[in-house]
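Remarks on the structure that follows.
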Amino acid sequence: MLLKNRKFLEVVFDLFDMLSFLVFVWGIVLFVRFFIANPYTVVGASMAPTFQENDFIIVDKITPRFGELARGDIIVFVPPGKTVPYIKRVVWLPGETVKIYNNKVSICSIQENKEDCSQLEQPYLSETVWTDTRCGLNEFKVLNGYFVMGDNRSFSTDSRCCFWLDCYNGASYEVPLDHVIWKVYLRFLPHFSFF
């Protein structure tokens, strides 16, 4: 009888150990997922050829909270007035003016009471990509957020037309920092690469 009770207690302790281990592991997984990094699947072709539909990426959730975003960073965000996350490239930063004219994309800023403009270098785009204006707008003053565009400019819903929310009725073309969810860190599948 004593032997049976002892075996029963051993089984109970083994189950308790296993359950404790699983709770600990799930706690770590959930902590990483909610506060450090998160998996995301690319939807749509707006970032082709950099990302294709259904690419599986890992995104960094720390940089948008504590670091600064730089021109060229690829981010996942929810545009103002929308509920679905988008993936785009940061093209202009707060305090700059964006000008798009005849496939030329310029960054302008005020230097000593004079506007200083320079053409944007976009090494991530192929030479066949055409950057057009949308919704009849070709100049944007970026005040407090970020101006974003997809790498597949002809098929991208982005800041150029206020994410199709009608810029003329007060929709914003800027992505505020508090709308940025994640910065893309690496593509996991189908081709492993860091960004």
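Remark: the chain projects, on average over all directions, an area of 15.4 nm² (convex hull of Cα atoms). FRET efficiency for the pair residue 112 and residue 82, taken as 1/(1 + (r/R0)^6) with r the Cβ-Cβ distance and R0 = 35 Å, rounds to 0.35.
The number of Lys pairs in the chain with C-alpha atoms less than 19 Å apart, excluding pairs fewer than 8 positions apart on the same chain, is 10. In the chain, the calculated helix contribution to ellipticity at 222 nm averages -6500 deg cm²/dmol per residue, counting -39,500 (n - 2.57) for every DSSP H run with n ≥ 4.
Taking Cα atoms, how many degrees apart are the long axis of helix 2-35 and the longest axis of the chain, rounded to 10 and kept between 0 and 90? Its long axis makes an angle of about 10 degrees. Extending 7 Å from Cα along the Cβ direction at residue 21 and again at residue 154 yields two label points whose distance is 5.6 nm.
Gain on full extension, evaluated as 0.36 nm per residue between residue 31 and residue 93 minus their Cα-Cα distance, stands at 19.2 nm. Can you compute the FRET efficiency between residue 13 and residue 41 using 1/(1 + (r/R0)^6), with r the Cβ-Cβ distance and R0 = 41 Å? Round to the nearest 0.05. After rounding, the FRET efficiency stands at 0.50. Structural descriptor for the range 58-108: relative contact order 24 percent, calculated from alpha carbon pairs under 8 angstrom and at least 6 residues apart. A quarter of the convex hull surface defined by the alpha-carbon atoms of the range 1-109 gives 11.6 nm² as the mean projection. When both the range 137-195 and the range 107-126 are represented by their alpha-carbon centers, they are found 18 Å apart.
Note on the range 1-63: percent of Cα-Cα distances in each 5 Å bin, starting at 0 and stopping at the bin with the largest distance, equals 4, 15, 12, 11, 11, 9, 8, 7, 6, 5, 5, 3, 2, 1, 0. When the chain is treated as a GNM with alpha-carbon contacts under 10 Å, the residue of 110, 58, 74 showing the greatest mean-square fluctuation is 110.
We did not get these values from a lab; they are worked out from the coordinates using the rules stated. Owing to the predicted nature of the structure, the values given are computational and were not obtained by experimental measurement. Here the Cβ is made from the backbone with ideal geometry for all residues, glycine too, and neighbour counts use every protein chain on show.
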